[in-house]
Amino acid sequence: MKSVRKGWWMAMCVTLLGVLPAAAADKAINLSLFTPVSLAKPDDSVSAFRFNLIYGKNTSVGVVDVGFVNHTTTSSNGLMWGAVNYTEGTVNGLQVAPININKGTTKGVQFASVNYAENGGGLQLAVVNYARKLDGVQIGVINIIKEGGMFPIMVIANWTKK
């Protein structure tokens, strides 16, 4: 009986060693205290869900990104909800936080106290909205569109000049 148990454990270990590299290639979930203390490395993509207790950084996150500070370097798709959302690439979906910063392109909705987008597309809803370029609408107390806006600075609402 003991030799069967030893053989079973040996087979399990060999199987796990063979499967681990494949599992490492696809990160469906990431839990992070702060980067680099997390399940996934900063240069990994997360395909489904990421939770950051303090700070999390990954190349991209799909579906849900929740935490205190959420940072993606290439893309975020779905819901991004935190105290600070910082994206260097493309956002497709909804960003909800007191501060949203997007150095790339936003396609969707930014809802915050302060929104910043290099290239905004969709709706910015905040006390202060800023977009270098915008293809959409800003609603807030102060709305700034540097290029292509109906007005450079406007209260209540601002939109793209067509």
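The values are calculated or read from the model by the stated rules, or taken from the named source; none is laboratory data. Computed from a prediction, not measured in an experiment: that's the story for all the values here. Note: ideal-geometry Cβ built from the backbone for every residue, glycine included; neighbour counts use all protein chains shown.
Quick grid of which residues meet (1) more than 25 Å from Asp43 (Cβ to Cβ); (2) in contact with a Pro (Cβ under 9 Å, 6 or more places away or on another chain); (3) among the β-branched types (Val, Ile, Thr); (4) crowded, with 16+ Cβ neighbours inside 10 Å:
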| site | (1), (2), (3), (4) |
| --- | --- |
| Asn77 | no, no, no, yes |
| Met80 | no, no, no, yes |
| Asn102 | no, no, no, yes |
| Tyr116 | no, no, no, yes |
| Leu123 | yes, no, no, yes |
| Ile145 | yes, yes, yes, yes |
| Ala157 | yes, no, no, no |
| Lys161 | yes, no, no, no |
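Among what's in region 1-57 and is out of contact with any Phe, Trp or Tyr (no Cβ under 8 Å at 6 or more places or on another chain), small (Gly, Ala, Ser) and surrounded by 11 or more Cβ atoms within 10 Å (Cβ to Cβ), pick the residue that is modelled with the lowest pLDDT.
Going through region 1-57, the residues out of contact with any Phe, Trp or Tyr (no Cβ under 8 Å at 6 or more places or on another chain) turn out to be 1-27, 33, 36-51, 57.
Then keep just the ones that are small (Gly, Ala, Ser); that gives 3, 7, 11, 18, 22-25, 38, 40, 45, 47-48.
Then drop every residue that is not surrounded by 11 or more Cβ atoms within 10 Å (Cβ to Cβ), which leaves 24, 38, 40, 45, 47-48.
Values: Ala24: 50, Ser38: 94, Ala40: 94, Ser45: 95, Ser47: 94, Ala48: 94.
Among residues in region 1-57 that are out of contact with any Phe, Trp or Tyr (no Cβ under 8 Å at 6 or more places or on another chain), small (Gly, Ala, Ser) and surrounded by 11 or more Cβ atoms within 10 Å (Cβ to Cβ), the one modelled with the lowest pLDDT is Ala24.
Report, by residue number, each residue of region 72-93 that is aliphatic (A, V, I, L, M) and farther than 17 Å from Phe51 by Cβ. Val91 - this is the single residue of region 72-93 that is aliphatic (A, V, I, L, M) and farther than 17 Å from Phe51 by Cβ.
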